[in-house]
Structure formats: C-alpha cells, structure tokens
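What follows draws every value from the coordinates through simple rules; no lab data is involved. These figures come from a predicted structure and were not determined experimentally. As a convention, Cβ positions derive from the backbone with ideal geometry for all residues, glycine included, and neighbour counts pool all protein chains shown.
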Amino acid sequence: MVLKNLQITLRTVYTKSVTRLYPEEIMDLPDAFRGQQHLDMDKCVGCGICSQMCPNDVIEIVKSGKWYPQFDNGHCMFCGLCVDFCPNGALSMTKHFELACWTKEETVYSPDQLAAPNKAELEGRTGGYTK
C-alpha cells in the first residue's frame, strides 16, 4: 500500500500543474463561454420575450427612456436563453465573469449598465483574460 502511494506521488510530481494562479495567470476561455450579458440599446425594441423565456425570472422590463431589460445576475444561471430568443439580437453574452459584489443590490444591472462597456474591458482585460 505504501509503495503504491509512493509510486503515484512520484508519477505526478513531474506532470504539468492543472491549477492556475488566477489572476496572475490569464485564462483561455472558449468562444462559447457565457458571461455577463450585454445589451445593444439601439437594437432592443422592449418586446419582453427575453423576460418570458428566462427560467429564473431574472429579467424585468423597466422604463429607461424606452422599455429595456434589467438583469438580476444574483439569480441568473447564465443559460443564454434570453440571447437565443431575442428577435433582434440586442442581447449577447460577454466573456466577463468577475461579477462578485458586496450586496444583493449590486447584482442588479440596469439597462444602462448592461449597455456600457465593462470596467475590465476598459482596462484591457475581460473576465480574467486578455483580448
């Protein structure tokens, strides 16, 4: 038993590490990664189909000039159904995933916040990886 454990240990000592030292080591995200939502306010017609398709009732249609979706990412499972069913392609999923907040209120994203570029994108980083 001891020899078997020693053999496993010696074999794994020389293999490449799986763990990355995030955020120092930048991660490669797949093209189909589903992160924070992005809203193109010019394409959105406020139809509310995204809200009806959401299985977790994350999306609320609010008046912000016109009618736009507002997301509560604290309950979102990032399934992408809202993006798939948007008739005009106004919603998309970004690769931004650093969404941790201190309060529940901060997890609610207004239409203006969804339309604005993320702070990480402005700094040249998007959700832990470089463009």
What list of ³J(HN,Hα) couplings, whole Hz, do you get for the stretch 8-16 from phi and the Karplus terms 6.51, -1.76, 1.60, once you set θ to phi - 60° and write x for glycine and proline?
5, 4, 5, 5, 7, 4, 9, 8, 5
Before anything else, pin down the relative contact order of the stretch 29-130: Cα pairs under 8 Å, at least 6 apart, normalised by residue count, whole percent.
34
The list [x] 70, 32, 30; [y] 52, 44, 27; [z] 44, 28, 28 gives values of Cα extents along the principal axes in Å, and only one came from this structure; which label was calculated from it?
[x]
Charge dipole magnitude, Cβ of K and R +1, D and E -1 - the stretch 1-46, Cα centre, debye nearest 20:
480
Provide, for the chain, the number of lysine pairs with alpha carbons under 19 Å apart, each pair being eight or more places apart or on different chains.
5
Which residues' amide hydrogens lie under 5 Å from the amide hydrogen of Gln70, considering only partners 5 or more residues apart or on another chain, with H built in the peptide plane?
Glu60, Ile61, Val62
By how many nm would the segment from Trp102 to Glu60 lengthen if fully extended, with 0.36 nm per residue of separation less the alpha-carbon distance?
12.9 nm
Under a point spin-label approximation (7 Å from Cα along Cα-to-Cβ), what is the Leu3-Glu25 distance to one decimal in nm?
3.4
